[in-house]
Amino acid sequence: MAFEDRDWNEIKSSNSWAIFKVMSEFVEGFEKLAKIGPCVSIFGSARTKEDHKYYKMAEEIAAKLVRHGYGVITGGGPGIMEAGNKGAYNEGGKSVGLNIVLPFEQFDNPYIDSDKLITFDHFFVRKVMFVKYAQGFIVMPGGFGTMDELFEALTLIQTKKIGRFPIVLVGSKYWGGLMQWIRDVMLDQEKNVNEEDLHLVNIVDTPDEAVRVIDEFYSKYLLSPNF
């Protein structure tokens, strides 16, 4: 079925509708997120359970961010995403969910502000929203999706396609091996990155440290809090 011939009109029609769908997702995202004020994106596994230490840490980080004047953006699903939205919601802050249609795992959690839930079909549109409307990334332990978001941000900052913003990895035990490999192999052995690229991330182990990195970065700038 995948290799059946299609005539030019079928191909053109299919491609045109796909373009309109992508455009509609960008328009909805831009219109809703342009009004949210300073926010921090929190990433992490959808599989993390409510009783896990990283779930509790993500919830505490989100609450602290709200108390420090930021809203919270997550991927809108369960696990760490739910924890981030829950911490922001319970603290009375802005709680944004950028959901994605998937065949498994993903459903929107109940802690997202009703007017700040957006559901995407396309990962690349969703990733633009995370970067464009966040003043920082808090990256909790997660899987391929979390890695995707992390390295997307690092690539954009490294290539100067966007301005630098703070990227915080929470959990030195989880992230330490990856960062050691980047230093030993990617930097020292193969020379595929520069020394300064490793300074784009901060590894912390507590909610206080995570929020402090965000605050200290923006202490140099005139950033209006999200009160």
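The values are calculated or read from the model by the stated rules, or taken from the named source; none is laboratory data. Bear in mind the structure is a predicted one, so any value in this text is a computation, not a measurement. Cβ atoms come from the backbone with ideal geometry, glycine included; neighbour counts cover every protein chain shown. Protein only, heavy atoms only, side chains kept; ligands, DNA and RNA dropped before computing areas. Shrake-Rupley method; radii C 1.70, N 1.55, O 1.52, S 1.80 Å.
Points worth noting:
- Per residue value of the accessible surface for the range 78-187 (all protein chains in place, 1.4 Å probe), Å²: 45 Å²
- In percent, rounded to a whole number, the relative contact order of the chain is 21, using alpha-carbon pairs under 8 Å and six or more apart.
- Placing +1 on each Lys and Arg Cβ and -1 on each Asp and Glu Cβ, with no other charges, gives the range 21-124 a dipole about its Cα centre of roughly 300 debye.
- Largest GNM mean-square fluctuation across Met147, Met57, Met23, computed for the chain with C-alpha springs under 10 Å, falls on Met23.
- Average Cα contact separation per residue, the range 107-227, under 8 Å, 6 or more apart, as relative contact order %: 24 percent
- Using the rule -39500 (n - 2.57) for each DSSP H run of four or more residues, divided by the residues of the chain, the 222 nm mean residue ellipticity is -14000 deg cm²/dmol.
- Among Lys132, Lys21, Lys191: highest mean-square fluctuation, GNM of the chain, C-alpha pairs under 10 Å: Lys191
- Annotation for the range 20-82: GluC sites (Glu not before Pro) lying in DSSP loop with at most 14 further Cβ atoms inside 10 Å of their Cβ are Glu50.
- Links that overshoot a 27 Å alpha carbon limit, given the list Lys56/Lys173; Lys94/Lys160; Lys64/Lys132; Lys64/Lys173; Lys86/Lys132; Lys56/Lys220: Lys94/Lys160; Lys56/Lys220
- Percent accessible area from carbon and sulfur atoms, the range 56-147, protein chains only, probe 1.4 Å: 55 percent
- Structural descriptor for the range 85-156: relative contact order 24 percent, calculated from alpha carbon pairs under 8 angstrom and at least 6 residues apart.
- Legend: calculated FRET efficiency, Met186 to Leu102, from the Cβ-Cβ distance at R0 = 22 Å, rounded to 0.05, equals 0.15.
- Summing charges over neighbours of Val125, with a neighbour being any other residue whose Cβ is under 15 Å away from its Cβ, gives -2 when K and R count +1 and D and E count -1.
- Among Arg126, Arg67, Arg183, the largest mean-square fluctuation in a Gaussian network model of the chain, built with springs joining Cα atoms closer than 10 Å, belongs to Arg183.
- Only one residue of Phe107, His68, Ile80 has its Cα farthest out toward the positive end of the dipole of the range 66-184, where Lys and Arg carry +1 and Asp and Glu -1 on Cβ, and that residue is His68.
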